[in-house]
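The values are calculated or read from the model by the stated rules, or taken from the named source; none is laboratory data. Quantities reported herein were computed from a predicted structural model and do not represent experimental measurements. So basically every Cβ, Gly included, is an ideal-geometry build from the backbone, and we count neighbours across all protein chains shown. Protein only, heavy atoms only, side chains kept; ligands, DNA and RNA dropped before computing areas. Shrake-Rupley method; radii C 1.70, N 1.55, O 1.52, S 1.80 Å.
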Amino acid sequence: MNIVRPPFRVDSAQTAEEAGVEIVQAFLAIENLPEKVSRVFAALLSCLNAAPDDSLAVAGHRLAWTIDHDDPHLDLPYHNRQHVCEVMLCCHYLARRLNLDQRETLEILLASLFHDFRHDGTSNGGLPFRLERNSVVLAEPYLLGAGVTSAQRRKLAALVLATNPNIGLPIAHASYDHHHHRAPLPEIPVTAPELNALRSRPAADQALILCAADILPSIGLTIAYAQALQEKLAKEWGTDLGIEDKLRFIDNTLPIFAICDFFAPNILRLKAYLMDQLETQHDARKTG
C-alpha cells in the first residue's frame with residue numbers, strides 16, 4: 001500500500017480523472033492482500049495519527065480482524081471484504097478533501113468498516129433498515145467491549161442507517177441541505193430514531209460522506225471499474241443489470257455528491273459513455 005498517493009493523500013494538482021485512476025490502482029493492489037481489512041484500517045489510522053488505545057481504533061481493529069477471518073460464505077461477489085476496504089479508503093479521501101478533523105474522520109472510518117457487516121446479499125425487502133440495523137446490532141458488542149460511549153454508538157448507528165438507499169440516504173441528503181441551504185428538516189421515520197442525530201451538522205455531513213463513499217467506486221472513479229462492480233452486483237443478486245439500470249442509479253444518487261463535487265466530471269463522463277452505448281444498442285435494433 002502506497003500511502004503517499006491517493007486515496008491516502010490528496011494531490012491538489014490532480015484532475016478527477018487522474019485521481020480516479022490512481023484510486024482504482026490502489027484498489028487493485030490490495031485485491032489479493034491477506035487480512036486486507038485489518039491492514040487498510042491500520043494504514044488509515046497511521047495516516048490520521050490516531051492513538052492506538054483510542055476506543056474507536058480498538059473497536060475498529062477488532063471488527064477488522066473479525067471481518068478478515070469471518071466465514072468465507074460471507075465474502076459475497078459485491079458486499080465483501082474488498083468493498084469494505086474500498087469504502088474505507090473513499091471515506092478517507094473524501095474526508096481529506098473536505099478537511100475534516102481527525103475525530104470526525106475516524107468516526108466515519110469506523111462506521112464504514114461495519115456498515116455492511118455480515119451482509120446477506122439480499123435486499124431489505126419489506127423491512128425498512130433490516131440490513132443496516134443488523135450490521136449495527138452485530139457490531140454493538142465490539143463497540144461496547146472497546147469502551148465506545150453510548151453517544152458515540154448512537155452517532156455511528158445513524159451514519160450506518162443513512163446508507164440505506166431508499167430511506168436513509170434521502171434523509172442524510174435532506175439533513176445536509178438543511179444545514180447548508182436552510183431547507184426544512186426531514187421527518188425521521190419511527191423505524192430509525194437514531195437518524196435524529198443528523199439534526200447536528202457534523203453528523204449530517206459525515207453521513208453524506210459515508211453515503212458518497214459507499215457508491216463512489218460504482219460511478220465516480222473509472223468507467224471500467226464502474227462496469228466491473230455492476231457485474232459483481234448482478235452476480236450477487238442473481239439477475240441482469242443493464243445500461244438503463246446504471247443510468248437510473250446515477251440519476252438517483254448524483255445529488256448526494258453535493259458534499260464533494262470533485263468527482264462529478266467522472267460521473268458525468270460515465271453517464272455520457274452509457275448514453276452513447278444505449279444509443280448504439282437502439283440503432284443496432286433498428287437496423288437488425
**Study point:** Scope segment 140-155; condition in contact (Cβ under 8 Å) with a residue 12 or more places away in the chain and either of a type in the set (Ser, Thr, Tyr) or touching a Leu at 6+ places or on another chain (Cβ under 6 Å) (or both); matching residues
**Key:** Tyr142, Thr149, Arg153
**Study point:** Counted residues, segment 226-242 - those being of a type outside the set (D, E, K, R), open to solvent by 20 Å² or more (accessible area, probe 1.4 Å) and not in a loop (DSSP other than H, G, I, E, B)
**Key:** 5
Check your understanding: Would you call Lys246 over 17 Å from Ala111 (Cα atoms), in a helix (DSSP H, G or I), of a type in the set (D, E, K, R) and more than 18 Å from the chain's Cα centre (by Cα)?
Key -> no
Exercise for review: Assess whether Thr149 counts as being within 17 Å of Leu106 (Cα to Cα), more than 19 Å from the chain's Cα centre (by Cα) and among the hydroxyl-bearing types (Ser, Thr, Tyr).
Suggested key: yes
Exercise for review: Of all residues in segment 171-190, count the ones that are closer than 23 Å to Gly126 by Cβ and open to solvent by less than 60 Å² (accessible area, probe 1.4 Å).
Suggested key: 5
**Study point:** Subset of segment 134-161 [out of contact with any Phe, Trp or Tyr (no Cβ under 8 Å at 6 or more places or on another chain) and of a type in the set (Gly, Ala, Ser)]
**Key:** Gly145, Ala146, Gly147, Ser150, Ala151, Ala157, Ala158
Practice item. Looking only at segment 52-70, decide whether some residue is in contact with a His (Cβ under 9 Å, 6 or more places away or on another chain) and more than 23 Å from Ala151 (Cβ to Cβ). Key: no
Review point. Checking His73 against (1) touching a residue at least 12 places away in the same chain (Cβ under 8 Å); (2) within 29 Å of Arg153 (Cβ to Cβ); (3) in a helix (DSSP H, G or I); (4) open to solvent by 10 Å² or more (accessible area, probe 1.4 Å), which single condition isn't satisfied?
Key: (1)
